[in-house]
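The values are calculated or read from the model by the stated rules, or taken from the named source; none is laboratory data. The shown structure was predicted, so the numbers you read here are calculated from the model rather than taken from an experiment. As a convention, Cβ positions derive from the backbone with ideal geometry for all residues, glycine included, and neighbour counts pool all protein chains shown. For accessibility, only protein heavy atoms count, side chains too; no ligands or nucleic acids. Shrake-Rupley method; radii C 1.70, N 1.55, O 1.52, S 1.80 Å.
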Number of protein chains: 2
Amino acid sequence: MEKFMEILETADLFSGIDPKDLKPLLSCLSGKFVHYEKGQIILMSGETTNSFGIVLSGQVQVIQEDYYGNRSILANLDPGNLFGESLACAEIKALPVSILASADSDILLIDCRRLSSPCANACDFHSKLIRNMMNIIAKKNISLTQKIEFISKRTTREKLLAYLSAEAKRAKSSRFYIPFNRQELADYLSVDRSAMSAELCRLRDEGILKFNKNQFELL
Amino acid sequence: MEKFMEILETADLFSGIDPKDLKPLLSCLSGKFVHYEKGQIILMSGETTNSFGIVLSGQVQVIQEDYYGNRSILANLDPGNLFGESLACAEIKALPVSILASADSDILLIDCRRLSSPCANACDFHSKLIRNMMNIIAKKNISLTQKIEFISKRTTREKLLAYLSAEAKRAKSSRFYIPFNRQELADYLSVDRSAMSAELCRLRDEGILKFNKNQFELL
DNA sequence: TCCGTTCTGTTGTAATTGCAACATACTTAT
DNA sequence: ATAAGTATGTTGCAATTACAACAGAACGGA
């Protein structure tokens, strides 16, 4: 447990909480440290759970199986990352995904019902914790909404312009850097990389934008 | 205020809370009833806010302006609906959208910092309220994630099959009803209605599915 | 410097889409 | 029953895309 405190201290869920207060808080939350071997299922699709987890070591995958049994990996989670927080907080009956330890992993499991219940010992941290959790879920919500706005556009050109103009607006400048390389941007926008690359150059040739590596400028 | 209690009692945010307890809870939350004339801005893009709102009467629109100044309506909200809950809970500095009263409207504004703070008088309802709010945001999160999974597919056929197989899985049956008509489904999947209609018939002719109006069956 | 790897841009082609326009049910009000 | 309106299916065509395959640039060790 001691060796994981460092990771917990840097986790968003515990931001703003004094490291000294972390231990009593964890016991108040009934947090459970569990070790999983590579290949073990942490949460099984179809199950009900009230727990979410924090990856402390190793790696964890969010996996989905469709109606025909085709598996796909929705996310790879490294130490410090949360999983299942939306699923636990939404109190859904059957998990739509499975959580798999893709390497030997240590996990901290927390029952999310403990988050909202008032707590005698540590109430000061407790309300901070609730705010942190809401913050995490709400931020994810916003970024998902924005992504849908981009992907919903019909053509690659429109997707690019929607994304780039949002970045320009966020940077409050026509010049800005994006956090993706071309392949990552294509994946994010759900388009073909080479087609997107071609479209970017077409936009450049038409004088609509300039770019150099990750730096873009809208004209 | 009295005339709006009925709507508040049915709002998801207050589900599980005794109507009698609603009034003290609202004063504990410092909820403010505000009337807006048609055309007034409730929250302005670029502002900072810690408040979210509940529509009590009239209609409210979530509006976005892109870098070039093009306006688009992201949502129409009727009485009982929440707005800005993710934005307030995420504590973001500048709102990416504006909230407009598209008709004369009554709104209940609540400061979301009041949600997480412990409260002397009504703590029992308070923790229920927190769970409700987390529930709402987390559920939205899940449905957004799922929508992205569908939209991310490259072809209309793949989008349809992803969506329909998710519905079949949810219904635990190869026969199920969908909550959309064709136009709504096309909008949801971000594709052209007529092209989608054609693709559905192609899938039918290939023996992959059957459908009749809103009832579908995967084979 | 050389080599291998990764990233980005380019091109041709087959496949898919969006769009417009129209046809055919199915509904609903009169 | 008729008419008007709505939902759905059908078709042709131009525009766009995905995909594959390749070329050059940039990068990082050895």
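If you take the Cα centroid of the stretch A:20-64 and the Cα centroid of the stretch A:131-157, the two points sit 25 Å apart. Among B:84, B:207, B:16, which one shows the highest mean-square fluctuation when chain B is modelled as a Gaussian network with alpha-carbon springs under 10 Å? Maximum fluctuation in the GNM of chain B, among the listed residues, is at B:207.
Treat every Asp and Glu Cβ in chain B as -1 and every Lys and Arg Cβ as +1, leave all other atoms uncharged, and give the resulting dipole magnitude about the Cα centre to the nearest 20 debye. Intermediate results must be reported in sequence, preceding the final value.
Working: 28 positive and 27 negative charges, 172 e Å.
That gives chain B a dipole magnitude of about 820 debye.
Peptide A:127-137 has a mean shielding of 6, counted as Cβ atoms of other protein chains within 10 Å of each residue's Cβ.
With all protein chains kept in place, the per residue accessible area of chain B amounts to 48 square angstrom at a probe of 1.4 angstrom. Across the accessible surface of the stretch A:153-218, with the other protein chains kept in place and a 1.4 Å probe, carbon and sulfur atoms take up 46 percent.
Applying the criteria of a DSSP loop state and at most 16 other Cβ atoms within 10 Å to the trypsin sites (Lys or Arg not before Pro) of the stretch A:8-53 yields A:38.
For residue A:157 and residue A:194, calculate 0.36 nm times their separation in residues minus their Cα-Cα distance, and state this gained length in nm to one decimal. The partial results should precede the final answer.
Numbers: separation 37, 0.36 × 37 = 13.32 nm, distance 1.29 nm.
Extra length available between residue A:157 and residue A:194 comes to 12.0 nm.
For the segment B:81-89, counting C-beta atoms of other chains within 10 Å of every residue's C-beta and taking the mean gives 3.
Might you report the magnitude of the Cβ-based charge dipole of the stretch B:160-200 about its Cα centre, with Lys and Arg at +1 and Asp and Glu at -1, to the nearest 20 debye? Write down the numbers at each step before the final one.
Values: 6 positive and 5 negative charges, 62 e Å.
With only Lys, Arg, Asp and Glu charged at Cβ, the dipole is about 300 debye.
Annotation: aspartates and glutamates with alpha-carbon distance below 16 angstrom to residue A:38 (same-chain offsets under eight excluded): A:78, A:104, A:106.
Using helices alone, I'd like the mean residue ellipticity at 222 nm for chain A: each DSSP H run of four-plus residues gives -39500 (n - 2.57), total over residue count, nearest 500. Value at 222 nm, helices only, nearest 500: -12500 deg cm²/dmol. Along the charge dipole of the protein assembly as shown, which of A:102, A:57, A:130 sits closest to the positive end, that is, farthest toward it, with unit charges on the beta carbon of Lys, Arg, Asp and Glu (+1, +1, -1, -1)? The one lying farthest along the dipole's positive direction is A:102. Give me the distance between the Cα centres of the stretch A:76-120 and the stretch B:2-17, rounded to whole Å. Taking the Cα centre of each part, the stretch A:76-120 and the stretch B:2-17 sit 30 Å apart.
Could you work out which residue, out of B:57, B:27, B:45, moves most in a Gaussian network model of chain B, that is, has the largest mean-square fluctuation with Cα springs under 10 Å? Maximum among the listed residues: B:27.
Which residue, A:129, A:161, A:87, has the most motion in a Gaussian network model of chain A that connects Cα atoms within less than 10 Å? Residue with maximal mean-square fluctuation among A:129, A:161, A:87: A:161. Rolling a 1.4 angstrom probe over the stretch A:2-143 with all protein chains present gives an accessible area of which 49% lies on carbon and sulfur atoms. Among A:128/B:172; A:147/B:20; A:172/A:213; B:140/B:213; A:20/B:139; A:169/B:140, which pairs are too far apart, with a Cα-Cα distance over 31 Å? Table pairs above 31 Å Cα-Cα are A:128/B:172; A:147/B:20; A:20/B:139.
Between chain B and chain A, the total buried accessible area stands at approximately 4300 Å², from heavy atoms with a 1.4 Å probe.
Please list, by residue number, every one of the GluC sites (Glu not before Pro) in the stretch A:7-101 that is coil in DSSP and has at most 13 other beta-carbon atoms within 10 Å.
Within the stretch A:7-101, the qualifying GluC sites (Glu not before Pro) (loop, at most 13 other Cβ atoms within 10 Å) are A:37, A:47.
Note on the stretch B:1-125: with charges restricted to the Cβ of Lys and Arg (+1) and Asp and Glu (-1), its dipole about the Cα centre is near 260 debye.
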